[in-house]
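The values are calculated or read from the model by the stated rules, or taken from the named source; none is laboratory data. Remember, predicted model here, so these are calculated numbers, not experimental data. Cβ placement follows ideal geometry from the backbone for every residue including glycine, while neighbour counts extend to all protein chains displayed.
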Amino acid sequence: MPVIERASIRRILDSRGNATIEVDLFAPVRVRVPAPSGASTGAHEAQAFPKGGADESVRIFKEELGPALKGRDVADQEGLDRWLREADGTPNFSRIGGNLATAISLANARAAAAAAGQPLYRFLGGRSAKKMPFPFGNVIGGGRHAVGGTTVQEYLVVSQGPTVAGNVFANARVHHLLKDALSKKFPGEPLGRGDEGAWVAKLGDEEALALLADTCRAAEKEVGFPVRPAMDLAASEFFRDGKYHYKDRALTPGEQVDFLVRLAKDHGVYAYEDPLDEEDFEGFAALTKAIGKKVVIIGDDIYCTNAERLRKGISGGSGNAILIKPNQIGTLTETRATVETARKAGWATVVSHRSGETTDDTIAHLAVAFGSLGIKTGTVGGERTAKLNELIRIEEELHEGT
Ligand code: PGA
Ligand code: ZN
């Protein structure tokens, strides 16, 4: 395979208006991969940028990593990823920045796929990459992604029809229907959107879920296939002094599990992400034991795409699915190892965007390559639809058998 002839980097805007970085590799064809950033980050994830921010990652790339990339064979993904770890020298990429590592690592995969003349999903997933993920679309939000919204970070819609194109449009339909429902419920009041394009309104947490469940049922009737509600609680964000602090109540971990079991029954919840604090492996296990046969229990902040933490979760039954965010761990090789660990244990994977995104569509390819159950990448907004529209294109390609 070709070698990297040249590498460059620039500081660009993410969708929240913060600085992030984007890496170009020339091998000899140019590929380009930017990196996104989170707001509700897990304690155990890679540090997105070093002290000094995106500027420091740019400096390190220009002076050190960029020149050293020259001459590397793009076929050697694992070697590159090991070298990134060594060049950083810290456990969490705090010297060079997890975003810099992720952008270089994924750009190399893009370069190798280009050299092989294949789309990325096929290059990484082989012939078996043909299952399309269900899109998980954030439609009502709060937490760290919005001011004045729900305590729970995300209320999601998961449409489960036969095609990804149908599901993407059904999710968007739910977003539209919610706009009408919320305008009716709060006449004359402004209606806002959070960082991921989800509606932000003065709703209680169960009220938001009930409204979403009703709207899902209405959409289901229109489209004729299952359209289900889900939640990313991002519970670590409102867990303090041993309790989960909602606007109207504070729950102990045991009460939180009971509350979520009841909500799942009353409103037909399809999936819970981060239903408990990121260190509460026992709480995750209790909830999974209670409803894990019917409900997808996804760990995001608890696992941080880290295979070692995931193994601990698997051995204790703390969930049945893991969220996959490449820049939580920093390299493609480690991301794949985590996906493989999940697969072997029979756990589902859901590949995810970050709240501060770019128009990059790499995660659409990863979700197909990994055979993931889902992809969480919003419902509307250009940086979200970039991924959704790429899934529609991939599906078309798969049908054409190219
Ligand atoms: P983040 O959150 O990108 O702001 O970290 C998304 C999520 O919690 O899934
Ligand atoms: Zn999350």
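Residues in the stretch 65-84 that are within 18 Å of THR305 (Cβ to Cβ) and surrounded by fewer than 17 Cβ atoms within 10 Å (Cβ to Cβ): GLU78, ARG82. Of all residues in the stretch 196-234, those that are in contact with a strand residue (DSSP E or B) (Cβ under 7 Å, 6 or more places away or on another chain) and acidic (Asp, Glu) total 4.
Residues to consider are GLY204, GLY224, GLY166, GLY242; find the one that is under 24 Å from the mean Cα position of the chain (by Cα), surrounded by fewer than 24 Cβ atoms within 10 Å (Cβ to Cβ) and modelled with pLDDT of 95 or more.
Matching residue, one of GLY204, GLY224, GLY166, GLY242: GLY166.
For the stretch 55-155, the helices (runs of 4 or more DSSP H) that sit wholly inside it and include 3 or more residues that are under 23 Å from HIS44 (Cα atoms) are 77-88, 98-116.
Annotation: of all residues in the stretch 364-379 being β-branched (Val, Ile, Thr) and within 14 Å of ligand 2 (Cβ to nearest atom), the one that is surrounded by the fewest Cβ atoms within 10 Å (Cβ to Cβ) is ILE375.
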